[in-house]
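Colleague: Right, I'll just put the structure down here and ask away after.
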Amino acid sequence: MKLRRLIGATLVLGLLGPAQLADAHRDSPTVTRTYPASDAVIANQERGFYHHTETHYRADGSGYVPLNLETLRGFRTQESVTQILRVFYLEKFASIDKLDPAYLDLVRADFRTARAAGVKVLVRFAYAQPPGWPPTIPYGDAPVQRVLKHIQQLTPILRENADVIALVQSGFVGLWGEGYYTDHFADPADPSKVSDQNWADRRAVIMALLRALPRDLMVQVRTPYMKQRMLGLPTGTEGALSEDQAYDGSPAARIGHHNDCFLASPDDFGTYLSDPIELDKDFVAQDTNYVPEGGETCAVNSPRSDWDSAAAEMARLHFSYLNTDYHPDVLGSWGSNITTAKQKLGYRLSLVRGEFTAKTRPGGAVQVGLDIRNDGWAAPYHRRQVQLIFQGDKHSYRVDLPADPRRWAAGTTTTLKATVRAPIAPGRYRLLLNLADPSPRLQTPTYNPLYAVQLANIGTWQPATGYNELGQDVIVSK
């Protein structure tokens, strides 16, 4: 408890300005540290395998099964799984404009449970599943104006709980919310026939979702063509996001991809529609430098679904997450390589080398240089608040560093350098790095250890605080 009280009272220091940097070299020389990497599977947020969950709300109000706190905690502690897909089925409301207050309360409660368990939620809303196969008409989804009204009613809940929402899949349209078998957004008799008006309606749903969410949250669509068509983008690398466009808040910068038939056929059962298929893959490969990609496997298709092919494609397309529940035969064929997937899905950040000022005067300059490697298949797709922590026996201090881990690309090493002001109070301070969730609610002592990033190094993680120890003390002497 003593440590938690200190964390809660952490004081803020600042970076030194240009006029103060000249004093930096008057202090002691820097000390260099190197850091051994860990091969552990780490329970970091917004990456890795996920568990599928779904719940229903039928005409009589039945079918809603709330999330279970202990189950979610078990995902974290026993499997290092930090995210779930939550499909909220809205069967009752396919023909009703107004969502029940009781239903909205159930959704709110699910987000509270996820937060308490230390997991995040991949969110999808949908109206229908097929009663059998093949699907029959009518499919059971809702018309565009009703969908828009439902999104408006869900907006307060999505904003209130944005801290534990990893992303929102476009949903709403078609069976399972995947956009194909639909009564209203394509020709029901031939869902491959999508009119200009259908595309306009689909775009209206996506734009409404983007407006419903905070600017930093992203939406995923089921096929790259959906993004291309709705935003007027060509396929291939040319149409994808550039580094300058990334994270600018535009629709293109906020729409990612989910592939729910990954590896199942040459075109992943219609996921890729370009001719040649490689054009769409080039589009996704470039786009996912800056927006999330994930999904699930759905059929054995050797050799394409075998490990070597799967790993190469997940690296190329910057996969951040994958369903651990489906398809079991595909995942089972990977054997012990499944551990590599657990390590490399999304980001995997580790310290390589550090340089530090070891001794200074009160308020003096402390130079810090860190080389941080990303050995994952993707960069983080959410912001992180990067903080240098001076942890003392009586007080802790933090410095917010101007760094954006979303720019720490897969397979690269980033050098993070800063010259910061030392604490005024003399003493010995341990240096730590905090890669915190940007939500103030999740930076509290209760949640930071669950939602901060653990670096993939041996002996650096401080589980009580969520900080990463840098193996270096700074002595502030009079």
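The values are calculated or read from the model by the stated rules, or taken from the named source; none is laboratory data. Fair warning: this is a prediction, and the values are worked out from it, not measured in the lab. Cβ atoms come from the backbone with ideal geometry, glycine included; neighbour counts cover every protein chain shown. What goes into the accessible areas is simple: the full protein's heavy atoms, side chains included, and nothing from ligands, DNA or RNA. Shrake-Rupley method; radii C 1.70, N 1.55, O 1.52, S 1.80 Å.
Colleague: Quick check for me: using +1 on Lys/Arg Cβ and -1 on Asp/Glu Cβ, what's the dipole size of the range 83-217 about its Cα centre, in debye to the nearest 20?
Modeller: That gives a dipole near 460 debye.
Colleague: How big is the charge dipole of the chain about its Cα centre, in debye rounded to the nearest 20, if each Lys and Arg gets +1 on its Cβ and each Asp and Glu gets -1 on its Cβ?
Modeller: Approximately 2540 debye in magnitude.
Colleague: Another question, if that's okay. Below 8 Å between Cα atoms, with a sequence gap of 6+, how large is the relative contact order for the chain in percent?
Modeller: Reported as a whole number, the value is 18 percent.
Colleague: OK, next. Tell me the accessible surface of Lys342 in square angstrom (1.4 angstrom probe, heavy atoms of protein chains only), to the nearest ten.
Modeller: Accessible area of Lys342: about 80 Å².
Colleague: Under the classification rounded if a/c is under 1.5, otherwise prolate if a/b is larger than b/c and oblate if not, where does the range 253-359 fall, given a ≥ b ≥ c as square roots of the Cα gyration tensor eigenvalues?
Modeller: oblate
Colleague: Sort 350-358, 55-63 by the packing proxy (mean of other Cβ within 10 Å over each peptide's residues), most packed first.
Modeller: Per-residue mean Cβ counts within 10 Å order the peptides as 350-358, 55-63.
Colleague: Tabulate in residue order the Karplus-calculated ³J(HN,Hα) for the range 282-293, using 6.51 cos²θ - 1.76 cosθ + 1.60 with θ = phi - 60°, rounded to whole Hz; enter x for Gly and Pro.
Modeller: 4, 4, 5, 4, 6, 4, 7, 5, 9, 10, x, 10
Colleague: Computed FRET efficiency, Cβ-Cβ of Arg159 and Gln78, R0 30 Å: what is it to the nearest 0.05?
Modeller: Once rounded, the FRET efficiency stands at 0.40.
Colleague: Starting from the Cα-Cα distance between Arg203 and Ile96, subtract it from 0.36 nm times their residue separation and give me the gain in nm to one decimal.
Modeller: Full extension of this stretch gives 36.3 nm more.
Colleague: Provide the net charge surrounding Val123, with neighbours chosen by a C-beta distance below 11 Å and charges set as Lys +1, Arg +1, Asp -1, Glu -1.
Modeller: Cβ neighbours under 11 Å give a net charge of +2.
Colleague: Just by accessible area at a 1.4 angstrom probe, what is the order of Ile151, Ile96 from largest to smallest?
Modeller: Sorted descending by solvent-accessible area, the residues read Ile96, Ile151.
Colleague: Between the range 287-319 and the range 195-260, what is the C-alpha centre distance in whole Å?
Modeller: Spelled out, the Cα-based centre of one part sits 20 Å from the other.
Colleague: By how many degrees, between 0 and 90 and to the nearest 10, does the Cα long axis of helix 69-79 differ from the longest principal axis of the chain?
Modeller: Around 70 degrees separate the two axes.
Colleague: Another one. Mind ranking 304-310, 216-222, 169-175 by how tightly packed they are, going by the mean number of other C-beta atoms within 10 angstrom, highest first?
Modeller: 169-175, 216-222, 304-310
Colleague: Ok, one more. What is the sum of charges, Lys and Arg at +1 and Asp and Glu at -1, for the other residues whose Cβ falls under 13 Å from the Cβ of Asp400?
Modeller: Surrounding charge for Asp400 is +3.
Colleague: A further question follows. Compute the distance from the alpha-carbon center of the range 108-135 to that of the range 424-459, in whole Å.
Modeller: After rounding, the separation between the Cα centres reads 30 Å.
Colleague: Per residue, how much accessible area does the range 225-307 have with a 1.4 Å probe, in Å²?
Modeller: 37
Colleague: Which ³J(HN,Hα) values in Hz, rounded to whole numbers, follow from the phi angles of the range 463-478 under the Karplus curve 6.51 cos²θ - 1.76 cosθ + 1.60, where θ = phi - 60° and Gly and Pro get x?
Modeller: x, 6, 10, x, 9, 10, 6, 9, x, 9, 9, 10, 9, 9, 10, 6
Colleague: Related question: For the chain, which whole-number percentage of the solvent-accessible area (1.4 Å probe, protein heavy atoms only) is attributable to carbon and sulfur atoms?
Modeller: 52
Colleague: Let me ask you something else. Which FRET efficiency, nearest 0.05, do Ile137 and Thr444 yield, Cβ-Cβ r, R0 56 Å?
Modeller: Efficiency, rounded to the nearest 0.05: 0.65.
Colleague: Using amide H atoms built in the peptide plane, which far-off residues or other-chain residues are under 5 Å from Gly140 H to H?
Modeller: Long-range HN contacts for Gly140: Asp183.
Colleague: Taking 0.36 nm per intervening residue step and subtracting the Cα-Cα distance, what contour gain separates Ala315 from Thr34 on full extension?
Modeller: That works out to 98.5 nm of additional length.
Colleague: Rounded, prolate or oblate, given the Cα gyration tensor of the range 40-168, with a/c below 1.5 counting as rounded?
Modeller: Taking the square roots of the gyration eigenvalues as a ≥ b ≥ c, the range 40-168 is prolate.
Colleague: Additional query: With Cα extents along the principal axes in Å as the read-out, I listed (1) 67, 54, 32; (2) 61, 57, 46; (3) 81, 48, 43; which label goes with the value calculated from this structure?
Modeller: The value computed from this structure is option (3).
Colleague: With a/c under 1.5 counting as rounded, go ahead and sort the range 152-281 into rounded, prolate or oblate using the C-alpha gyration tensor (a ≥ b ≥ c being the square roots of the eigenvalues; past the cut-off, prolate if a/b is larger than b/c, else oblate).
Modeller: Taking the square roots of the gyration eigenvalues as a ≥ b ≥ c, the range 152-281 is oblate.
Colleague: Could you work out how far apart the two model spin labels at Gln145 and Asn337 are, taking each label as a point 7 Å from the Cα in the direction of the beta carbon, and quote it in nm?
Modeller: 5.2
Colleague: Okay, moving on. How much of the DSSP beta bridge set in the range 84-227 is antiparallel, as a percent to the nearest 5?
Modeller: 10
Colleague: Also: Work out how much length Ser302 to Ala189 would gain on full extension: take 0.36 nm times their residue separation and subtract the Cα-Cα distance, in nm to one decimal.
Modeller: 37.4 nm
Colleague: Using the beta-carbon distance between Leu104 and His395 and R0 = 35 Å, what value does 1/(1 + (r/R0)^6) give for FRET efficiency, to the nearest 0.05?
Modeller: With a Förster radius of 35 Å, E is 0.20.
Colleague: Largest first, how would His150, His382 line up by accessible area (1.4 Å probe)?
Modeller: Putting His150, His382 in descending order of accessible area: His382, His150.
Colleague: For the chain, what is the mean residue ellipticity at 222 nm derived from helices alone (per DSSP H run of n ≥ 4: -39500 (n - 2.57); sum divided by total residues; nearest 500 deg cm²/dmol)?
Modeller: That comes out to -7500 deg cm²/dmol.
Colleague: What does the charge add up to near Arg428, with Lys and Arg as +1, Asp and Glu as -1, over the other residues with Cβ less than 9 Å from its Cβ?
Modeller: -1
Colleague: With a point put 7 Å past each Cα toward its Cβ, work out how far Glu238 is from Asp60 in nm, to one decimal.
Modeller: 5.8
Colleague: Sticking with this structure for a sec: Give me a comma-separated list of calculated 3J(HN,Hα) values for the range 185-194, in order, Karplus coefficients 6.51, -1.76, 1.60 applied at θ = phi - 60°, integers in Hz, x for any Gly or Pro.
Modeller: For the range 185-194, the Karplus-derived couplings read 10, 6, 6, x, 6, 8, x, 6, 8, 10 Hz, x marking Gly and Pro.
Colleague: So, one more: Helix 307-316 versus the longest principal axis of the chain: what angle, 0 to 90°, nearest 10, using Cα atoms?
Modeller: Its long axis makes an angle of about 70 degrees.
Colleague: Among Ser38, Gln391, Met226, which residue has its Cα furthest toward the positive end of the charge dipole of the chain, with +1 on Lys/Arg Cβ and -1 on Asp/Glu Cβ?
Modeller: Gln391
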